[in-house]
Amino acid sequence: MCGIFGLITNQEIDIGKITLESIKRLEYRGYDSCGVATITDGKLFIKKDAGKIDEIHKKLKLDSFPNGSKLAVAHTRWATHGPPTKINSHPHVDCSNKIAICHNGIIDNFIELKEDLISKGHEFKSETDTEVIAHLIEEFMNMGLDFKEASKEAMKKCVGGFAIVACHVDYPNYLIVVRKESPLIVGIEEGKTAYCASDIPAFLPYTRKCYVLNDNEMAVLRAGEVEFYSLQEEKKISKELQEIEWSIDAAEKGGYDHFMLKEIHEEPLALRKTLKIPKDEIQKFAKILVNSEKIYITAAGTSFYASLAGKFIITRFLGKYIEAIECSEFQIQLEDCMENNAAVIAVSQSGETIDLIEAVRWAKEKKNAKILAITNIVGSSLTRYSDEAIVTRAGPEIGVAATKTYSTQVLTLAIIALEIAEILKSIPDEELEKYRKALAKTPDIVEHLLNNDIKKLKKIVRNLEKSHNFFFLARGISIATAKEGGLKLKEIACRFVEGYSAAHAKHGPISLVRKGFPIIFIAPPDETYERLVGNVMEFKARGGLIISVVVESDKIISELSDITIRIDQPASKYFNLFTPITFIPALQLLAYFYAVYVGLNPDQPQNLAKTVTVH
Ligand code: AGP
């Protein structure tokens, strides 16, 4: 939530243009206001306002910086403290207008700090927690510390999860960068330019060399160089330089109208890459699960639905129950009853979701749990708190709605499941081989849909234009698909959707059904099919508009449906188990085309941000 960016250089480069392009690449993290600041001739220049970056750029020419600017700090906001207004936009300044600060995260103790600073004569302009940091640094500088030391002391006083970048007019040769819980990466063009950002794509066109900051670390960025400090231990530290493998194309729209559409089209490749995760990485996970008496799986949002699908697939071969629990409920529900030494599978595309990070830290520290992470981001907080981590190979995902990260999460869990089957010999070798072949086919099935069915899916949304409420229903493993497909429509097309068990829907939700009420049934030909036929008939009898997602050869449910989406895959138990991967792109596309049809931007759903770093 919120994106921050900083740059300092000794080169003759167009800082304004780079800064604008970089915050545009972070806009998925928040888009209710933005701002940029630079220092020239001993003065701070700030441009900021409420609104989307393009709107503000039209008014303020965000890329036009004063001549001679050699540094920039910038921000794109997802409001927490104070509504999205010009005054609450970042950067924020101190009383003397010398310090500019951009911040992502929350300062939990800001009220207490603010009261103390006001009593010392500081005057606040905004309602944000961020402004406290600027005044706190100023306060320490008033006591005689330089900018670097004052920043260090100020950040030690702040409680919460945050990342900041700050500059000072009297110290124009460096930027201060601090991380505690919220993500922050430093990019470096040695001897020339240093960057910092909440996410890699911000500076990816300029450098592939980066350092990932850990919690309670501070970096001092100078033109083309960087030094690191530990906030707690008062000492300089060294960090490993990393090489980013992502291509810049992966972080750009590449001819598609939206990132979401591009990322859905990248699913076959992402799945193929994820299928190649080395066996020894998978084996480590599988062995821990085989040897653990108690296993939990936890995540938020889409990652939680991937976890539901994955749990179903793993238990098939493991023969042990896995408890799936949303990460925000993990500690509160398990405080008094979680066993020691359990295994916890933690799933998160960003690896930064604060509720998940807190859940795994608690499980590790208090219950001695083994943390097995599945994430898309190398070096994310989740990987640092885990005992083993598998990084999915989805590549950068910019669209706020998770798409390719979902299917690669389910795929990773399915690969682990088959590894468990091999270790435990829970099914005959020939069967295992058939499951493996079916799983290896999943990218081709998705690719077939993308090559052949786009027009048809686009057309379907016209029949649904006037509907504001939807059910997505299924049984068994497909409940995960129903929930995830429903979440996609809910979040990007702003429709009310209930993703639910088809069996359970009789116990209440069915009372909403009237003529034309759209119900999307996820109906692979698995062991739940016959009973699902009964559920389809119940909803049809009440006038529901039946839309089904079925396999190519389906006869019964498609016959009962008003609209049918066919997925070209064999009607076989080996393929059925992986329908959370092969059926979901059709639902992602349906949500995408629906949002576009009703005039919404699927990449920027209202009130959402890609990475949720607040409770
Ligand atoms: C996905 O479309 C959603 N925007 C959201 O539910 C997301 O999946 C959730 O916030 C979890 O994020 P994570 O995978 O980065 O932990």
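Selection within the stretch 361-386: residues that are surrounded by fewer than 22 Cβ atoms within 10 Å (Cβ to Cβ) and touching a residue at least 60 places away in the same chain (Cβ under 8 Å). The member of this set that is farthest from the ligand (Cβ to nearest atom) is 370.
Of the residues 427, 357, only one is in a loop (DSSP other than H, G, I, E, B), farther than 20 Å from residue 280 by Cα and in contact (Cβ under 8 Å) with a residue 40 or more places away in the chain; which? Before you say what the answer is, go through the steps one by one.
Numbers: 357 fails: in a loop (DSSP other than H, G, I, E, B).
Within the list 427, 357, the selection yields 427.
Taken together, the residues in the stretch 54-68 that are surrounded by fewer than 23 Cβ atoms within 10 Å (Cβ to Cβ) and in a loop (DSSP other than H, G, I, E, B) amount to 6.
Between 126, 89, the distinction of being more than 23 Å from residue 16 (Cα to Cα) and either assigned to a loop (DSSP other than H, G, I, E, B) or touching a Gly at 6+ places or on another chain (Cβ under 9 Å) (or both) belongs to 126 only. Between 569, 604, 588, the distinction of being in a helix (DSSP H, G or I), in contact with a helix residue (DSSP H, G or I) (Cβ under 9 Å, 6 or more places away or on another chain) and either within 16 Å of the ligand (Cβ to nearest atom) or in the same structural domain as residue 469 (by TED's automatic domain parsing) (or both) belongs to 588 only. Cβ separations smaller than 6 Å between residues 6+ apart or across chains give the following pairs from the stretch 302-318 residues that are within 11 Å of residue 580 (Cα to Cα) to residues that are within 10 Å of the ligand (Cβ to nearest atom) and part of a helix (DSSP H, G or I): 305/484; 306/406; 306/409. Specify the residue that is surrounded by the fewest Cβ atoms within 10 Å (Cβ to Cβ); the eligible residues are those in the stretch 387-411 that are within 16 Å of the ligand (Cβ to nearest atom) and over 30 Å from residue 494 (Cα atoms). Only one residue fits best here, namely 391. For the stretch 457-473, the set of residues classified as surrounded by 21 or more Cβ atoms within 10 Å (Cβ to Cβ) and in contact with a Pro (Cβ under 9 Å, 6 or more places away or on another chain) consists of 464, 470, 471, 473, listed by residue number. Just one of 558, 511, 553 is surrounded by fewer than 23 Cβ atoms within 10 Å (Cβ to Cβ) and either in a loop (DSSP other than H, G, I, E, B) or assigned by TED's automatic domain parsing to the domain that holds residue 410 (or both); which is it? One residue alone meets the criteria, 553.
Checking each residue of the stretch 458-465 against the condition of being part of a helix (DSSP H, G or I) and within 16 Å of the ligand (Cβ to nearest atom) gives no match.
Looking only at residues of the stretch 478-492 that are surrounded by 24 or more Cβ atoms within 10 Å (Cβ to Cβ) and either hydrophobic (A, V, I, L, M, F, W, C) or part of a strand (DSSP E or B) (or both), we find that the one that is farthest from the chain's Cα centre (by Cα) is 479. Kindly indicate whether any position in the stretch 310-321 is buried (at least 24 other Cβ atoms within 10 Å of the Cβ), in contact with a Lys or Arg (Cβ under 6 Å, 6 or more places away or on another chain) and either modelled with pLDDT of 95 or more or not in a strand (DSSP E or B) (or both). Looking through the stretch 310-321, none of the residues is buried (at least 24 other Cβ atoms within 10 Å of the Cβ), in contact with a Lys or Arg (Cβ under 6 Å, 6 or more places away or on another chain) and either modelled with pLDDT of 95 or more or not in a strand (DSSP E or B) (or both).
Sort out which residues of the stretch 191-214 are more than 15 Å from residue 18 (Cβ to Cβ) and either surrounded by fewer than 18 Cβ atoms within 10 Å (Cβ to Cβ) or free of Cβ contacts under 8 Å to residues at least 60 places away in the same chain (or both), and write them in order of number. Matches in the stretch 191-214: 191, 208, 209, 210, 211, 213, 214. Filtered by the rule that a residue be crowded, with 24+ Cβ neighbours inside 10 Å and part of a helix (DSSP H, G or I), the stretch 290-303 gives a lone residue, 303.
The residues of the stretch 1-18 that are in a helix (DSSP H, G or I) and out of contact with any strand residue (DSSP E or B) (no Cβ under 9 Å at 6 or more places or on another chain) amount to a single one, 17.
The values are calculated or read from the model by the stated rules, or taken from the named source; none is laboratory data. Remember, predicted model here, so these are calculated numbers, not experimental data. Methodologically, a virtual Cβ is constructed for each residue, glycine included, from the backbone with ideal geometry; neighbour enumeration extends over all protein chains shown.
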